[in-house]
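Colleague: Have a look at the structure that comes next, please.
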Amino acid sequence: MKRINTSNRAIDLFGAGKDGFKASVPGMADATYGSALFFNHVQEALARTREAAGEAVPADNDFDWFTRSLNKLIEARVGDYAIDTGAANAYVVAMDPPITAYPAKAIEVQFKAANTSTIVAPTLNAGGGALTLVRSDGSALAVGDVTAGAMITATRDPATNKFYISSIVPSQAMSQAAADARYTRVASISALPGANVGPITVAEAGEVWIWSASAYYTGYRSPLCGRPLQGHTATPLASEFDGVGGLLPKAAYARVWAYAQENGLVVTQAVWDANIGAHYFVDVDATYFRAPDLRNMFWRYTGTDADTANARTLGSSKGDTLQGHWHAHFTTVTNDRQINNVVAGPGNWPATSGNTLKSNTEAFIKTAISDGSNGAPRLGAETAPKSTAYHPRIHA
């Protein structure tokens, strides 16, 4: 609105060219005269603000109508944007109200781009001159980062005199493949994806499973599938099953059945029966397969069988054996005759010293051997070391 311009106004009251009102000085000067033009400006500025905000004519005791009007107008402008009228790589918008120079503080501009950028340093002119558009971190844009029809929010930084695009531009966005590679998805063992979307964390197993494709199975599978496990719980975990020779449905345990075929571990029932304890599977019928029976077995790595000189194959079993040995020399008296240097071993029994063995010598030789300080041996039906028992399990 215009300032007061009557003849007795206060000249330059608020600075050069900024006249104002002055009070009267009794007997010397009148107060500043009003004018119809000035009061009309005041009236219309206030009334039109109210009308633009949609406010009704206020009551005589309503002193907040102007504040309400301003708030409504401000709220209406939030999210408002300008239309780009420039050419490709040189975006131009008209601010409302328009500006001819950028202020010392930062300003934010929202506009809808008309063209896609084809260079790395497009510009935006919001009335104060064309300035370079950059990414939110200040780095240069990539070709195509401003796309036709995109809503762009940019803030001018007075320090660098550039417009910073505050939203993520296409060159900053991570592709779905990159996101999948960075963050492993979590899925239930019963709801795994049917296509390869990268490694999956299986919730029930607490493991990362990967996509597997072979002649026998295609889908998600644990890299540990088929591995013998030492079961430490009373019942199998979600990723385990009992390795006790039971029948398992091929459909429900397709991953394990594929593992068995892939590794040549499927044998006939006759071979399985003759090698109980081996890590062997049996193709029972179209619906079921038989799992290994690993009960009462120790683990041993493959190598060469010392008895047969043959290589031990994956999953094969071997019965218990006792290494051949000689008994040490001893001297004893049977009845009243002495037997010297009797050796229990192939080709050396009975003694060749010429002494005669008596009938009760046989009973003596069968007595358990003792080496004194380490005590008598613990006798059993098999040769075995000390052990701790776990449930035989196999990874599903």
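The values are calculated or read from the model by the stated rules, or taken from the named source; none is laboratory data. Keep in mind that what you see is a predicted model, and the values were worked out from it rather than measured. Heads up, the Cβs are rebuilt from the backbone with ideal geometry, glycines too, and the neighbour counts pull from every protein chain shown.
Colleague: Could you give me the residue pairs with C-beta distances under 7 Å whose first residue belongs to region 145-158 and is in the same structural domain as Ala126 (by TED's automatic domain parsing), whose second residue is among the basic types (Lys, Arg) and assigned to a loop (DSSP other than H, G, I, E, B) wherever it lies, and which are 6+ apart or on separate chains?
Modeller: Pro158/Lys105
Colleague: Return a yes/no flag: does region 50-63 have any residue that is outside any loop (DSSP other than H, G, I, E, B) and modelled with pLDDT of 90 or more.
Modeller: If we filter region 50-63 for residues that are outside any loop (DSSP other than H, G, I, E, B), which is where we start, we get 50-52.
Among the residues that remain, those that are also modelled with pLDDT of 90 or more are: none.
The answer is no, given that none of the residues of region 50-63 is outside any loop (DSSP other than H, G, I, E, B) and modelled with pLDDT of 90 or more.
Colleague: Within region 2-9, can one find any residue that is exposed (fewer than 13 other Cβ atoms within 10 Å of the Cβ), free of Cβ contacts under 8 Å to residues at least 24 places away in the same chain and either part of a loop (DSSP other than H, G, I, E, B) or at negative phi (or both)?
Modeller: The answer is no, given that none of the residues of region 2-9 is exposed (fewer than 13 other Cβ atoms within 10 Å of the Cβ), free of Cβ contacts under 8 Å to residues at least 24 places away in the same chain and either part of a loop (DSSP other than H, G, I, E, B) or at negative phi (or both).
Rundown of residues vs (1) surrounded by fewer than 16 Cβ atoms within 10 Å (Cβ to Cβ); (2) within 25 Å of the chain's Cα centre (by Cα); (3) assigned to a helix (DSSP H, G or I), yes/no style:
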residue	(1), (2), (3)
Tyr220	no, yes, no
Cys225	no, yes, no
Leu229	no, no, no
Ala238	yes, yes, no
Leu248	no, no, no
Arg255	no, yes, yes
Gly264	yes, no, no
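Colleague: Is it fair to say Lys72 is touching a His at 6+ places or on another chain (Cβ under 7 Å) and not acidic (Asp, Glu)?
Modeller: Here the answer is no, as Lys72 does not meet what is asked.
Colleague: While we're on this one: Show the residue pairs meeting these rules: Cβ distance below 7 Å; 6+ apart or different chains; first residue within region 54-69 and farther than 17 Å from Gln43 by Cβ; second residue in a helix (DSSP H, G or I) and of a type in the set (A, V, I, L, M, F, W, C).
Modeller: none
Colleague: Which pairs turn up if I take residues in region 231-256 that are at pLDDT 95 or above and look for partners that are of a type in the set (Phe, Trp, Tyr) and part of a loop (DSSP other than H, G, I, E, B) with beta carbon separation below 9 Å, at least 6 apart in sequence or on another chain?
Modeller: Phe241/Tyr253; Ala254/Tyr216; Ala254/Tyr217; Arg255/Tyr217
Colleague: Name the residue that is modelled with the highest pLDDT, counting only residues in region 69-80 that are loosely packed, with under 15 Cβ neighbours inside 10 Å and not hydrophobic (A, V, I, L, M, F, W, C).
Modeller: The qualifying residue modelled with the highest pLDDT is Asn71.
Colleague: Scan region 279-307 for residues that are under 14 Å from Gly264 (Cα atoms) and among the acidic types (Asp, Glu) and report the count.
Modeller: 1
Colleague: Let me ask you something else. Kindly indicate whether any position in region 25-38 is assigned to a loop (DSSP other than H, G, I, E, B) and either charged (D, E, K, R) or touching a Lys or Arg at 6+ places or on another chain (Cβ under 6 Å) (or both).
Modeller: The answer is yes, given that some residue of region 25-38 is assigned to a loop (DSSP other than H, G, I, E, B) and either charged (D, E, K, R) or touching a Lys or Arg at 6+ places or on another chain (Cβ under 6 Å) (or both).
Colleague: Of the residues in region 289-313, how many are without any contact (Cβ under 8 Å) to a residue 60 or more places away in the chain, exposed (fewer than 11 other Cβ atoms within 10 Å of the Cβ) and under 17 Å from Pro392 (Cβ atoms)?
Modeller: Count: 1.
Colleague: How many residues does region 81-110 contain that are more than 17 Å from Asn161 (Cβ to Cβ), small (Gly, Ala, Ser) and surrounded by 12 or more Cβ atoms within 10 Å (Cβ to Cβ)?
Modeller: So the answer is 4.
Colleague: Also, I was wondering about something else. Quick check on my filter: what residues within region 288-325 are hydroxyl-bearing (Ser, Thr, Tyr) and modelled with pLDDT of 90 or more?
Modeller: Within region 288-325, just Tyr288 meets the criteria.
Colleague: Has region 96-103 got any residue that is in contact with a Ser or Thr (Cβ under 7 Å, 6 or more places away or on another chain) and over 30 Å from Ile200 (Cα atoms)?
Modeller: We begin by selecting, within region 96-103, every residue in contact with a Ser or Thr (Cβ under 7 Å, 6 or more places away or on another chain); these are none.
Among the residues of region 96-103, not one is in contact with a Ser or Thr (Cβ under 7 Å, 6 or more places away or on another chain) and over 30 Å from Ile200 (Cα atoms), which makes the answer no.
Colleague: Looking at Ile74, Ile99, Ile107, which one is within 25 Å of Gln172 (Cβ to Cβ) and of a type in the set (A, V, I, L, M)?
Modeller: Every option except Ile107 fails the conditions.
Colleague: Let me ask something else about it. Is region 175-189 home to any residue that is among the small types (Gly, Ala, Ser), at pLDDT 95 or above and in a loop (DSSP other than H, G, I, E, B)?
Modeller: No.
Colleague: Could you tell me whether region 39-62 includes any residue that is assigned by TED's automatic domain parsing to the domain that holds Ala148 and touching a Pro at 6+ places or on another chain (Cβ under 8 Å)?
Modeller: Within region 39-62 (the criterion being assigned by TED's automatic domain parsing to the domain that holds Ala148 and touching a Pro at 6+ places or on another chain (Cβ under 8 Å)), the answer is no, since none of the residues qualifies.
Colleague: I'd like the full set of residues that are part of a loop (DSSP other than H, G, I, E, B) and either surrounded by 14 or more Cβ atoms within 10 Å (Cβ to Cβ) or in contact with a helix residue (DSSP H, G or I) (Cβ under 9 Å, 6 or more places away or on another chain) (or both), limited to region 266-284.
Modeller: Answer for region 266-284, where residues must be part of a loop (DSSP other than H, G, I, E, B) and either surrounded by 14 or more Cβ atoms within 10 Å (Cβ to Cβ) or in contact with a helix residue (DSSP H, G or I) (Cβ under 9 Å, 6 or more places away or on another chain) (or both): Asn275, Ile276, Gly277, Ala278, His279, Tyr280, Val284.
Colleague: What's the total number of residues in region 285-306 that are farther than 17 Å from Asn275 by Cα and of a type in the set (D, E, K, R)?
Modeller: Here the count works out to 1.
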